[in-house]
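Accompanying notes for the structure given below.
The values are calculated or read from the model by the stated rules, or taken from the named source; none is laboratory data. As the structure is a computational prediction, the values presented were derived from the model and not from experiment. No Cβ is skipped: glycine too gets one built from the backbone with ideal geometry, and neighbour counts run over all protein chains shown.
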Amino acid sequence: MTSEKSNVGWYFLGIVLFIYAIAFILKREIFLKAIYYVASIFSKIIPIFLLVFVLLVIINRFIKPQSLAKHLGEESGIKGWIIAIIAGIISTGPIYLWYPLLNELQKHGVRNGIIATFLYNRAVKPALIPLMIYYFGLKFTIVLTFFMILASLAQGMIIEKLVGVKS
Amino acid sequence: MKQAIYKAARGMYNSLPVLISAILLVGLANAVVPKSFYSYFFSRNLIIDSFIGSALGSILAGNPITSYVIGGELLKQGISLVAVTAFIVSWVTVGIVQFPAEAILLGKKFAFYRNLSAFFLAIVVAILTVFVVSFI
């Protein structure tokens, strides 16, 4: 799945480069204007990407998906919701890698709300915060993160109302 | 440690083609599309703009890094912060592309209601965030 996914990305890049080649031949001024803009974006975000990479290495070094998932099933009270939030935030890797693990937890009786809250918090990524701050500012990043955590709890509760506490 | 570096490098490498493509398209759009074009799609109405932003983010998928770059550049083109916020939130919380896998492994009903509620929550989160940020 990963290789298929990455191949699609490379094909997509190929198409975009082809469009640039056409622009280079037919509309040189548009090509140059676009390249100048792209270069200005890259020059600004490359240092932030290096920071993101370092943060990803640190998170990958200390957090293992299996042990993280195990904790989701341990508590079902307020502690369970808090663990779902923290686990969702610090979890890494593509979402589809988590589905089989979550499916196992669901079978073992973990609440649907806890799983939904965990999935929502995967949107809050500490490693990407520097990039978010660069584009949207510190104030925005803090407020958005706060509301996303609140929304994750709201979603957990909505799911339990609509789908049921357990599948 | 080696494994952690490899995993991080692989994650970034996998997102690289889409990210570079997105930046190249943003560059091209900046060169070709006049800024007034975007205002044609975004009405400056809080609800409608956040709805459009959330819909766009739901359809598109990929690494959150890409959504920040696209969102940040859209903001520079004059798109409202509420639309961009809904876009970056739904990008990561709504997964139309992953829906079949989610439905098979976690249940159709679960996947449907989770994605649907995430879509509307993206609008609520965007409006609340922009409202609070404007007061701080």
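Out of the residues in the range A:60-83 that are outside any helix (DSSP H, G or I) and over 17 Å from the mean Cα position of the chain (by Cα), state the one that is modelled with the highest pLDDT. I'd like the intermediate steps shown before the answer.
Taking the range A:60-83 as the starting set, the residues that turn out to be outside any helix (DSSP H, G or I) are A:63-64, A:73-77.
Checking which are over 17 Å from the mean Cα position of the chain (by Cα) leaves us with A:73-77.
Details: A:73: 62, A:74: 58, A:75: 58, A:76: 63, A:77: 77.
Filtering first and then ranking leaves A:77.
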Within the range A:85-102, of all residues that are surrounded by 17 or more Cβ atoms within 10 Å (Cβ to Cβ) and over 15 Å from the mean Cα position of the chain (by Cα), the one modelled with the lowest pLDDT is A:101
Grab the helices (runs of 4 or more DSSP H) fully contained in the range A:91-167, keeping just those with 1 or more residues being among the charged types (D, E, K, R). A:99-107, A:138-162
Qualifying position, being among the β-branched types (Val, Ile, Thr) and at pLDDT below 80, among A:52, A:57: A:52
Failed item, numbered, when residue A:121 is tested on (1) at pLDDT below 85; (2) in contact with a Gly (Cβ under 7 Å, 6 or more places away or on another chain): (1)
Test for residue B:56: is it more than 10 Å from chain A (Cβ to nearest Cβ), farther than 26 Å from residue A:160 by Cβ and not basic (Lys, Arg): yes
Selected residue (only one of A:105, A:119 is buried (at least 18 other Cβ atoms within 10 Å of the Cβ) and under 16 Å from residue B:93 (Cα atoms)): A:119
Selection status of residue B:2, more than 9 Å from every other protein chain (Cβ to nearest Cβ), more than 13 Å from the chain's Cα centre (by Cα) and modelled with pLDDT of 80 or more: yes
Taking the criterion of being of a type in the set (Val, Ile, Thr), surrounded by fewer than 20 Cβ atoms within 10 Å (Cβ to Cβ), at the interface with chain A (Cβ under 7 Å from one of its Cβ atoms) and farther than 18 Å from residue B:57 by Cβ, would at least one residue in the range B:102-125 satisfy it? no
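Looking only at helices (runs of 4 or more DSSP H) that lie completely in the range B:1-97, which have at least 1 residues being in contact (Cβ under 8 Å) with a residue 24 or more places away in the chain and crowded, with 18+ Cβ neighbours inside 10 Å?
On the way: elements: B:2-32, B:35-41, B:46-59, B:64-76, B:81-93.
Output list reads B:2-32, B:46-59, B:64-76, B:81-93.
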Subset tally (residues that are within 26 Å of residue A:13 (Cα to Cα), β-branched (Val, Ile, Thr) and modelled with pLDDT under 90) for the range B:56-111: 9
Just to be sure, is residue B:125 within 24 Å of residue A:157 (Cα to Cα), of a type outside the set (S, T, N, Q) and under 12 Å from the mean Cα position of the chain (by Cα)? no
